[in-house]
1. If I ask for residues that are within 12 Å of residue 178 (Cβ to Cβ) and either of a type in the set (Ser, Thr, Tyr) or at pLDDT below 95 (or both), which ones from the range 206-234 would you list?
2. Which condition does residue 426 not pass, out of (1) touching a residue at least 24 places away in the same chain (Cβ under 8 Å); (2) assigned by TED's automatic domain parsing to the domain that holds residue 310, if it passes all the others?
3. With respect to residue 333, determine if the residue is within 24 Å of residue 122 (Cβ to Cβ), out of contact with any Pro (no Cβ under 8 Å at 6 or more places or on another chain) and touching a residue at least 40 places away in the same chain (Cβ under 8 Å).
4. Can you give me the number of residues within the range 234-260 that are among the hydroxyl-bearing types (Ser, Thr, Tyr) and either buried (at least 24 other Cβ atoms within 10 Å of the Cβ) or in a strand (DSSP E or B) (or both)?
5. Can you tell me which residue in the range 425-440 is farthest from residue 319 (Cα to Cα), limited to those that are touching a strand residue (DSSP E or B) at 6+ places or on another chain (Cβ under 9 Å) and at pLDDT 95 or above?
6. What are the pairs, 6+ residues apart or on separate chains, where a residue within the range 163-179 that is among the hydroxyl-bearing types (Ser, Thr, Tyr) has its Cβ under 9 Å from a residue that is surrounded by 14 or more Cβ atoms within 10 Å (Cβ to Cβ) and assigned to a helix (DSSP H, G or I)?
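The values are calculated or read from the model by the stated rules, or taken from the named source; none is laboratory data. Everything numeric in this text was worked out from a predicted model, so none of it was measured. Reconstructed Cβ throughout: ideal geometry from the backbone, glycine too, with neighbour counts over all protein chains shown.
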Amino acid sequence: MALIFRFIALSLFVVCCYAQATQPNVVVIFTDDQGYADLSGYGAEKIKTPNLDALAKSGVQLNSFYVASSVCSASRAALLTGRRPVRNGVTGVYFPDRNGMKQSEVTIAEVLKNAGYATAAIGKWHLGDKPQTLPTAQGFDYYWGVPFSNDMYIGHTHQFAQQVKFNQGYTLEKAKRDQQIVKKAGNKRALIKQAGIKELVPIFEGEKIVEYPAEQASLSRRFVDKTINFFQQNPSQPVFVYMTPAMPHVPLFASPEFKGKSAGGLYGDTLEELDFHIGRLVDYLTRTNKRDNTLIIFASDNGPWLGYKDHAGSAKPYSHGKFTNYEGGIRVPGIISWPSRVKANQISQQVVTTLDLMPTIAYYAKASLPNKVLDGHNLAELLEGKQGTLSNPHFLSFKNKVAGVIMGDWKYIKPMMAVYGKSGRAPNNKQALLFNIKNDPAEQNNLLQQRPDKVQQLQRLIVAYEQTL
């Protein structure tokens, strides 16, 4: 009997060790307001991104990669939960001192933590800045970063750590005065800007401020440094890092080593610096023999904020940008690389979305999916070169509504749901829109009247999806 128990124990140990040995490390890099054409591999002429181009060649470059929303918080919540805004309840943008994503939502970090992963969120969070909505309440063992966009401001409810690095002549007393200004202003952004403290953002570690105001010119380097440190601190576990650079969201910053060096102005400097530091991360993984078993995913949270002109990117050949359901707002660069599993040198035109990341990562990590309705699909066969065609519709979002659908080459948008917020230059649509985005990538020719059959087909898809909500 004792021999049998020893055999069972040994078998369980071997199975456990095998599962851990075959679970990949996972790094998701999710930039901010980066346009489709802001990588040299996607057509950028004045911005050089050799490290991201090499990453794409080592795996698959997704040329029809979509986010679930063209605004920050909603897009990020959808990626982390695998659920569209109409399901997870995050439909817009969170500002300081506001409630965030519901704790009942299950993130990729929670799924992977239950499968034995060490988990870290490093960078911009933007799903709530109160303790109960920060990354450490959503499955992340460690958090270091800016809790919202880098153009925001300190919250009056934020707590300071015992040791805080103050910059720009700040002291604890002066920082607390900023908090009182925010509280007195009732979080009204115009008053906060008038007080001169907008764009002075904190850095959190865990649930408390450890730096104020953030030294933004060094953030890209420090985010990668923190990511490398997390790998070093967890040598015996598979690692998941959700690394979310604060830029190229405005205001733009570049370190002295990169400022003025690109042909793309400050915007280009920012991206070339980010590319350099992502290259450092890949080099570290290669030197430490982790690269072959590390799944790296790169994307942007939405398209460029065109209202900022030369401080914004490009979505060419697609139209418009952030805050819109036009292609320039929701189609972003997407790269997936994993040398030991993902076939190299692939360029895919298949419609893939950030919603697909949850089921795909969980599959490779041998993790159980949450007991919730998910909107994504497992991409394993596509990534490994075993499946040629996907046929999944991608439903568009407008606040808390379904705004339209993309199916194959066709795209339908409901009336008055093409644009929300201050988009820059995009017109809203008084009537429904129907585009063949393969033949008309700039969405100039509305085929609503010419193809009523296609309109009806896509409307039926929307109705069927809405019935699942």
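1. Correct list: 212 only.
2. Of (1) touching a residue at least 24 places away in the same chain (Cβ under 8 Å); (2) assigned by TED's automatic domain parsing to the domain that holds residue 310, only one is false for residue 426: (2).
3. yes
4. 2
5. 432
6. The qualifying pairs are 170/178.
Here's the yes/no breakdown for (1) assigned to a helix (DSSP H, G or I); (2) surrounded by fewer than 22 Cβ atoms within 10 Å (Cβ to Cβ); (3) not small (Gly, Ala, Ser):
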site: 54; (1), (2), (3): yes, yes, no
site: 68; (1), (2), (3): no, no, no
site: 73; (1), (2), (3): yes, no, no
site: 91; (1), (2), (3): no, yes, yes
site: 101; (1), (2), (3): no, no, yes
site: 109; (1), (2), (3): yes, no, no
site: 151; (1), (2), (3): no, yes, yes
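Okay, residues lined up against (1) of a type in the set (Gly, Ala, Ser); (2) within 21 Å of residue 321 (Cβ to Cβ); (3) part of a loop (DSSP other than H, G, I, E, B); (4) touching a Lys or Arg at 6+ places or on another chain (Cβ under 9 Å):
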site	(1), (2), (3), (4)
404	yes, yes, no, yes
417	no, yes, yes, yes
435	no, yes, no, yes
440	no, yes, yes, no
446	no, yes, yes, no
454	no, no, no, no
462	no, no, no, yes
